[in-house]
Amino acid sequence: MRDNLKSLLKIYATDLVVIGEGGGVKEGLALLSETRPDLLFLDVEMQDGTGFDLLAQLLEKPPTIFVTAHDAYAIKAFKFSALDYVLKPIDPDDLIKSIGKARERLDQDIKIGAYTHNAASNEKKLVLTDAQNTYLIKVSEIVRCESDVNYTQFILADGRSILVSRTLKYYHEILEEFHFFRCHQSHLVNLDHFDRYEKSEGGSILMKNGSRVPVSLRRKDELIALLRNL
């Protein structure tokens with residue numbers, strides 16, 4: 001069942017990254033404590049108990065989609081605050097709908113919890129999750145963002161790089177009010193880390209960390225006007 005689900009996800013949810021899998025309650029609990037996933041697909045009947053046994057032992061339950069052969073479990077699944085359930089054998093249309101619900105839930109969680117106020121500095125922060133970790137990053141520490149198909153690469157002032165499975169468009173909408181400028185289809189820069197604009201070679205921005213970012217022709221005039229008004 002896990003192999004079948006992974007195959008379907010590769011076809012119908014190409015931006016999802018499978019970060020772990022397990023065959024039972026004990027194995028699942030250990031895995032969840034290490035990975036802290038954005039989304040959990042959970043069977044009901046497993047090797048050493050049920051999916052309900054697993055959830056009952058979690059203080060913080062990740063968004064969960066039950067995968068089961070018996071829709072008699074549906075009511076109990078929703079009592080455990082499951083996002084949805086999918087019947088086996090898995091219908092791709094049902095899977096797509098369930099993942100859609102998960103995306104809506106995650107979007108809401110991010111928009112509600114993405115920014116928190118630091119009591120001392122009152123500085124905005126952004127929650128970023130990659131395949132292994134969840135980070136709380138100060139917006140001021142983000143130098144720039146770069147698109148990688150359906151992923152976004154965050155380059156930070158301390159040299160770290162974090163790859164997140166969301167589009168650059170999504171983060172542009174969140175960050176543009178904090179002096180972030182979309183200078184190119186694939187690039188978003190924090191103007192607080194801006195060093196200079198170089199007109200040579202079609203135009204590019206040199207950031208304070210030394211990185212060079214291209215500026216598209218249609219964004220050039222907008223950038224110059226923006227800099228004059230800062």
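Can you pull out the residues in segment 75-87 that are at pLDDT below 75 and either surrounded by fewer than 16 Cβ atoms within 10 Å (Cβ to Cβ) or assigned to a helix (DSSP H, G or I) (or both)? Walk me through it before giving the result.
First, pick out the residues of segment 75-87 that are at pLDDT below 75: 75-81.
Within segment 75-87, ILE75, LYS76, ALA77, PHE78, LYS79, SER81 qualify.
Using beta carbons and a limit of 7 Å, which pairs, at least six apart or on different chains, have the first residue in segment 42-69 and closer than 26 Å to GLU104 by Cα and at pLDDT below 90 and the second one assigned to a loop (DSSP other than H, G, I, E, B) and among the hydroxyl-bearing types (Ser, Thr, Tyr)? Sorted first by the residue in segment 42-69, then by its partner, the pairs are LYS61/SER81.
When residues of segment 47-64 are filtered for being closer than 21 Å to VAL18 by Cβ and open to solvent by 40 Å² or more (accessible area, probe 1.4 Å), how many remain? Don't jump to the end; show me each part of the working.
Initially, segment 47-64 is screened for residues closer than 21 Å to VAL18 by Cβ, giving 47, 51, 54-55, 58, 60-64.
Narrowing further to those that are open to solvent by 40 Å² or more (accessible area, probe 1.4 Å): 47, 60-61.
Of the residues in segment 47-64, 3 are closer than 21 Å to VAL18 by Cβ and open to solvent by 40 Å² or more (accessible area, probe 1.4 Å).
State whether one or more residues within segment 106-122 are modelled with pLDDT of 80 or more and open to solvent by 60 Å² or more (accessible area, probe 1.4 Å). Give the steps one after another, and end with the answer.
The initial filter retains those residues of segment 106-122 that are modelled with pLDDT of 80 or more, namely none.
No; the residues of segment 106-122 include none that is modelled with pLDDT of 80 or more and open to solvent by 60 Å² or more (accessible area, probe 1.4 Å).
What residue, of SER7, SER33, is under 30 Å from VAL149 (Cβ atoms), open to solvent by 40 Å² or more (accessible area, probe 1.4 Å), of a type in the set (Gly, Ala, Ser) and within 22 Å of the chain's Cα centre (by Cα)?
Working: SER33 fails: under 30 Å from VAL149 (Cβ atoms).
The match here is SER7.
Taking segment 130-147 as the range and being buried (at least 16 other Cβ atoms within 10 Å of the Cβ) and modelled with pLDDT under 85 as the test, only ASP130 passes. Taken over segment 150-194, the criterion of being open to solvent by 50 Å² or more (accessible area, probe 1.4 Å) and more than 18 Å from VAL139 (Cα to Cα) is satisfied by ASN150, TYR151, HIS184, GLN185. Summed over segment 30-50, the residues that are hydrophobic (A, V, I, L, M, F, W, C) and out of contact with any Pro (no Cβ under 8 Å at 6 or more places or on another chain) give a count of 6.
The values are calculated or read from the model by the stated rules, or taken from the named source; none is laboratory data. The structure displayed is predicted, hence computed values, not measured ones. Glycine also receives a Cβ, built like all others from the backbone with ideal geometry; neighbour counts cover every protein chain displayed. What goes into the accessible areas is simple: the full protein's heavy atoms, side chains included, and nothing from ligands, DNA or RNA. Shrake-Rupley method; radii C 1.70, N 1.55, O 1.52, S 1.80 Å.
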